[in-house]
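Encoded as structure tokens, the structure appears first; notes follow it.
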Amino acid sequence: MASVNDKLRALPSIDELLRKDWAAALTEMYGPDLLKETLRVVIDNLRSNILDGVDTGPDYYDSIQNEVVLTIEKSMASTIKKVVNATGTILHTNLGRSLLCDDALEAINVAGANNINLEYDIEREGRGLRDSHVEKLITKLTGAEAALVVNNNAAAVLLALNSLAEGKEVVVSRGEQVEIGGSFRLPDIINKSGCKLVEVGTTNRTHLKDYEEAVTDDTAVFLKAHTSNYHVVGFTKEVSLSDLSGAARKAGIALVEDLGSGLLVDLTPFGIKGEPLVKDSIAAGVDVVTFSGDKLLGGPQAGIVAGKKYFIDKLNKSPLKRALRVDKLTLSALEATLKLYSNPDTLTSKLPSLKYISRSPEDIKAVADDAKTGLEKSLGDDFSVAVVESFAQVGSGSLPGQELKSYALEISSSKMSASKIFSKFLKEGSFCVLGRVHDDKFYLDLRAVDSADGVNPFK
Ligand SMILES: *Cc1c(COP(=O)(O)O)cnc(C)c1O
């Protein structure tokens with residue numbers, strides 16, 4: 001048997017490897033620097049293995065090529081991967097919320113591959129406004145006089161408060177000091193907007209006079225926030241928007257509302273109720289409403305501000321607007337998504353998130369039955385798969401507390417814990433499937449999964 005020293009001596013040099021045909025091919029694909037770096041790493045590993053007495057096998061020299069190809073491919077693989085959402089939360093912030101409709105995808109393709117009239121007005125043959133491509137669509141759907149778009153709803157709240165109340169006081173009910181997942185805390189945004197937070201009322205009850213009595217010479221805004229991800233139930237009282245709007249007008253200040261999801265059309269016919277409509281807020285006299293583009297609206301990540309022209313103009317003049325503006329891909333996708341709203345009847349078939357929200361339990365069960373058969377075959381005898389009733393949710397703070405009847409696959413194994421099965425589906429198949437573990441059991445909820453094969457990465 002070769003001694004450690006013999007083996008070390010037999011290791012090829014980087015230069016020797018670089019002269020191989022396969023190395024030349026890799027250089028052409030990935031460039032010389034990455035290849036040299038990878039060769040060095042692979043040889044170093046081999047050297048430490050030899051020194052550590054690890055059995056490197058008789059054909060370790062031939063394995064170098066394979067090792068180099070694997071290492072280089074791994075380092076070049078995209079860290080962004082498709083993940084099948086079997087969590088039962090339709091708008092999952094960690095998974096990128098809304099799936100875009102076909103029209104939006106097409107619009108992104110056009111805008112990405114071409115120059116577009118982003119800030120050029122073709123009709124008038126001169127400089128145009130970026131937000132003009134969506135402003136009319138938004139005002140038509142909300143009844144607002146004007147609208148603008150920024151990076152997300154957090155940015156929209158920041159811009160609105162900073163533009164309307166910097167250095168001044170913002171009055172908020174104690175019951176609405178929300179924290180939304182992903183570190184959006186209303187008090188922090190108010191501070192970062194350069195405003196001073198004035199709390200009124202109590203957690204469960206706030207009266208009109210609480211707001212009125214809080215007004216000083218320094219007050220600039222009454223802020224209403226949609227308590228997106230929780231419900232205060234029982235002995236509660238919040239002030240109506242129209243009362244608050246009247247009080248704001250009397251005090252000569254602005255009423256701003258952070259609506260969170262921001263529903264554009266009434267979806268009660270599709271079983272979606274309890275989420276406030278943007279146009280109701282505008283009709284009640286709110287001066288500025290902010291909401292997300294990628295929650296119930298079903299578009300790209302964006303923050304939309306709709307309201308009175310006087311106030312929207314102020315926001316547009318802020319340097320922050322320039323810093324928070326959206327790019328051409330977002331605007332193109334948003335325009336295409338908003339256009340779908342002209343025909344509410346086709347929304348649930350064309351907007352993926354609404355399709356999943358309004359999907360019938362029978363349809364989900366049929367896919368679950370199919371998936372059970374497929375997974376039983378792929379996973380083999382060590383696993384058992386059962387179709388069970390489940391509850392899904394909309395997510396992202398939309399329709400808190402509303403559960404959607406759904407079906408899930410409960411997968412168990414005598415050889416593997418639930419968390420091990422969770423990892424297996426996430427990492428070991430031909431694509432990533434994210435399920436959930438609950439009470440030591442592993443579930444794949446199928447409400448947001450189109451087909452049986454969609455949850456079988458082992459086929
Ligand atoms: C979701 C939400 C936000 C944050 O919106 P993003 O678009 O994620 O920035 C802010 N306020 C409320 C009430 C929300 O529901």
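The values are calculated or read from the model by the stated rules, or taken from the named source; none is laboratory data. Note that the coordinates shown come from a computational prediction; the quantities given were computed from them, not determined experimentally. Glycine gets a Cβ as well: all are built from the backbone with ideal geometry, and neighbour counts include every protein chain shown. Protein only, heavy atoms only, side chains kept; ligands, DNA and RNA dropped before computing areas. Shrake-Rupley method; radii C 1.70, N 1.55, O 1.52, S 1.80 Å.
Could you please state how large a percent of the accessible area of the chain is carbon and sulfur, counting protein chains only and using a 1.4 Å probe?
On the way: 11460 of 23240 Å².
It is 49 percent, rounded to a whole number.
For the chain, a crude dipole built from +1 on the beta carbon of Lys and Arg and -1 on the beta carbon of Asp and Glu, taken about the Cα centre, is about 800 debye to the nearest 20.
The C-alpha atoms of the chain define a longest principal axis, and helix 361-379 lies at about 10 degrees to it. Computed from Cα atoms, the angle from the helix 102-113 axis to the main principal axis of the chain rounds to 70 degrees. Which residue, VAL171, VAL150, PHE184, has the largest displacement toward the positive end of the dipole of region 40-199 when charges sit on each Cβ (Lys, Arg +1; Asp, Glu -1)? Positive-most Cα among the choices belongs to VAL171.
Tell me, what is the per residue accessible area of region 140-189 in Å², probe radius 1.4 Å? Present the calculation step by step, with values, prior to reporting the outcome.
Working: 1810 Å² over 50 residues.
Spelled out: the 1.4 Å probe surface of region 140-189, per residue, equals 36 Å².
Which of the trypsin sites (Lys or Arg not before Pro) found in region 40-107 are loop residues per DSSP with 16 or fewer other Cβ atoms within 10 Å of their Cβ? Sparse-neighbourhood loop trypsin sites (Lys or Arg not before Pro): LYS81, LYS82.
The residues packed around ASP363, meaning those with a beta-carbon under 14 Å from its beta-carbon, carry a net charge of 0 if Lys and Arg are +1 and Asp and Glu are -1.
For region 412-459, the spherically averaged projection of the C-alpha convex hull amounts to 3.4 nm².
Listed here are the pairs LYS136/LYS192; LYS7/LYS36; LYS224/LYS355; LYS136/LYS196; LYS250/LYS339; LYS295/LYS365; which of them are more than 32 Å apart at the Cα?
Values: LYS136/LYS192 30 Å; LYS7/LYS36 22 Å; LYS224/LYS355 30 Å; LYS136/LYS196 34 Å; LYS250/LYS339 37 Å; LYS295/LYS365 25 Å.
Distance filter (> 32 Å) returns LYS136/LYS196; LYS250/LYS339.
Relative to the longest principal axis of the Cα atoms of the chain, helix 60-76 runs at roughly 10 degrees.
Using 0.36 nm per residue and subtracting the Cα-Cα separation, the extra length available between SER419 and THR216 on full extension is 67.5 nm.
Net charge near LYS317, counting Lys/Arg +1 and Asp/Glu -1 over other residues with Cβ under 15 Å of its Cβ?
On the way: positive: ARG130, LYS308, LYS309, LYS314, LYS321, ARG322, ARG325; negative: ASP131, GLU166, ASP313.
Surrounding charge for LYS317 is +4.
Quick one: what are the phi-derived ³J(HN,Hα) couplings along region 420-426, Karplus 6.51/-1.76/1.60 with θ = phi - 60°, whole Hz, x for glycine and proline? My calculation for region 420-426 gives 5, 5, 3, 5, 4, 5, 6 Hz in order.
Dimensions of region 121-166 from C-alpha coordinates, computed as largest minus smallest value along each principal axis and given longest first, are 37, 23, 17 Å.
Quick one: accessible area per residue over region 26-118, 1.4 Å probe, rounded to a whole number of Å²? Intermediate results must be reported in sequence, preceding the final value.
Details: 5900 Å² over 93 residues.
Here the per-residue accessible area is 63 Å².
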